[in-house]
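Student: Below is a structure I'd like to ask you about.
Rule-based calculations on the coordinates, nothing more; no lab input. Since the structure is predicted, the reported quantities are computational estimates derived from the model, not experimental observations. Positions of Cβ are generated from backbone atoms using ideal geometry, with glycine treated the same way; all protein chains shown enter the neighbour counts.
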Amino acid sequence: MGEGAGTDIDQDDRFEIDGLEFVPSWYRPSQPGSLTLLKGIHMVARYERLLAPFDRPRMVELGISQGGSVALLALLARPERFVAVELSPDPVVPLLDALRDHHLADAVKPYFGVDQADRDRLTRIVADEFGDDPLDLVVDDASHRYDETVASFEVLFPRLRPGGVYVIEDWTGQDQVADHAVATLTDPGSPRHAEANEELRRHLEAALADPTSPLHHQARAAIDQAVGQGGPPAGDAPVHGGRPPVSRIALELALARAVPGDALTEVRLDENWVEVTRGPAALDPATFRLADLCPDHYGLLTAFPPPPA
Ligand SMILES: C[S@@+](CC[C@H](N)C(=O)[O-])C[C@H]1O[C@@H](n2cnc3c(N)ncnc32)[C@H](O)[C@@H]1O
């Protein structure tokens with residue numbers, strides 16, 4: 001396993017900022033004065049570096065979960081305005097209390113029950129909260145699914161100022177699960193198998209048991225592949241429930257840098273995230289489509305047949 005944003009999540013790495021406790025954990029609900037963060041501790045320094053150039057930024061985060069990252073980013077960035085969006089309709093009360101207690105409630109607005117793929121809703125929220133002011137920073141740590149991730153990107157990226165930054169966390173998640181499943185299932189004696197992360201194994205089992213999980217189809221396809229001893233899944237069975245994995249967006253963004261244009265000036269990626277810097281081009285949020293930035297002349301985004309053995 002690599003060092004994805006969600007790996008190495010260890011409750012023993014708990015820490016405090018301004019008297020508010022943050023506990024890295026997958027499962028623990030937030031408690032009064034103690035918020036759960038779904039990130040490994042190495043991501044905290046990463047966010048400090050990301051935020052350092054911004055002075056009181058206007059920012060959006062997608063994916064609140066237990067609220068740890070919202071409070072963390074708010075305390076680190078001291079934003080002028082910060083909107084956070086979460087699909088679950090249930091407000092995270094310890095987060096709301098922490099924002100109030102740290103005098104952040106005026107600047108930080110969590111929205112619960114909002115789908116990041118709901119373009120109209122997202123457009124209205126941003127218009128209500130920011131008016132015509134451009135955004136400095138967007139962090140997408142929500143669905144980690146392709147369609148939803150592209151939908152939010154197309155709404156929010158044009159709203160960034162030139163030089164503003166758009167981060168997509170964990171773009172490798174689906175690929176890592178598939179990779180891990182293949183490695184462990186094809187060769188139980190391998191060092192990778194021996195080092196297998198128990199946490200991830202549980203997630204894989206949960207994904208297999210839950211057909212609605214975003215990872216279900218990847219896990220299923222990886223097992224089909226393993227059972228077929230490395231061959232491709234039988235027939236035309238959809239590998240990803242008929243949809244591409246979220247990693248496709250990283251390929252699209254890379255292709256967007258391959259052609260002239262100043263919609264985006266930089267695309268940086270590692271296994272934690274993709275970081276895209278907005279260029280000076282005028283982009284209409286109503287019509288902006290990522291696919292228009294990356295003409296795929298060589299069919300890189302369509303399936304090439306594997307090279308001959
Ligand atoms: C990885 S967690 C977020 C973790 C949080 N940013 C942190 O670091 O503590 C992903 C969250 O995104 C939410 N989510 C999933 N799909 C979503 C969607 N389509 N729109 C908005 N939120 C979504 C999930 O409910 C979950 O709470």
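Student: Once you charge only the Cβ atoms, +1 for Lys and Arg and -1 for Asp and Glu, what is the size of the charge dipole of segment 1-156 about its Cα centre, to the nearest 20 debye?
Tutor: Working: 15 positive and 30 negative charges, 18 e Å.
Charge dipole of segment 1-156: 80 debye, to the nearest 20.
Student: Whole angstrom only: what separates the Cα centroid of segment 76-145 from the Cα centroid of segment 154-187?
Tutor: The distance from the Cα centre of segment 76-145 to that of segment 154-187 comes to 20 Å.
Student: Could I ask something else about it? Counting other Cβ atoms within 10 Å, which chymotrypsin sites (Phe, Trp or Tyr not before Pro) in segment 1-72 have at most 15 and lie in a DSSP loop?
Tutor: Details: sites: Phe15, Phe22, Trp26, Tyr27, Tyr47, Phe54; in loops: Trp26, Tyr27, Phe54.
Hits after loop and neighbour filter: Trp26, Tyr27.
Student: On to the next question. What does the charge add up to near Leu290, with Lys and Arg as +1, Asp and Glu as -1, over the other residues with Cβ less than 14 Å from its Cβ? Don't skip to the answer; put the middle values down first.
Tutor: Values: positive: Arg119, Arg248, Arg257, Arg278, Arg289; negative: Asp140, Asp147, Glu148, Glu154, Glu252, Asp284, Asp292, Asp296.
Spelling it out: positives minus negatives among the neighbours equals -3.
Student: On to the next question. Please get the size of the charge dipole for segment 85-158, origin at its Cα centre, with Cβ charges of +1 on Lys and Arg and -1 on Asp and Glu, quoted in debye to the nearest 20.
Tutor: Values: 6 positive and 18 negative charges, 18 e Å.
About 80 debye.
Student: Using label points projected 7 Å from each Cα along Cα→Cβ, tell me how many nm separate Arg14 and Arg56, to one decimal.
Tutor: Placing both labels 7 Å beyond Cα along the Cβ direction yields 3.4 nm.
Student: Take the alpha carbon gyration tensor of segment 1-113, find the square roots of its eigenvalues, order them as a ≥ b ≥ c, and report rounded if a/c is under 1.5; if not, report prolate when a/b exceeds b/c, else oblate. Intermediate values should be presented prior to the final figure.
Tutor: On the way: a/c = 1.43, a/b = 1.16, b/c = 1.24.
The shape class here is rounded.
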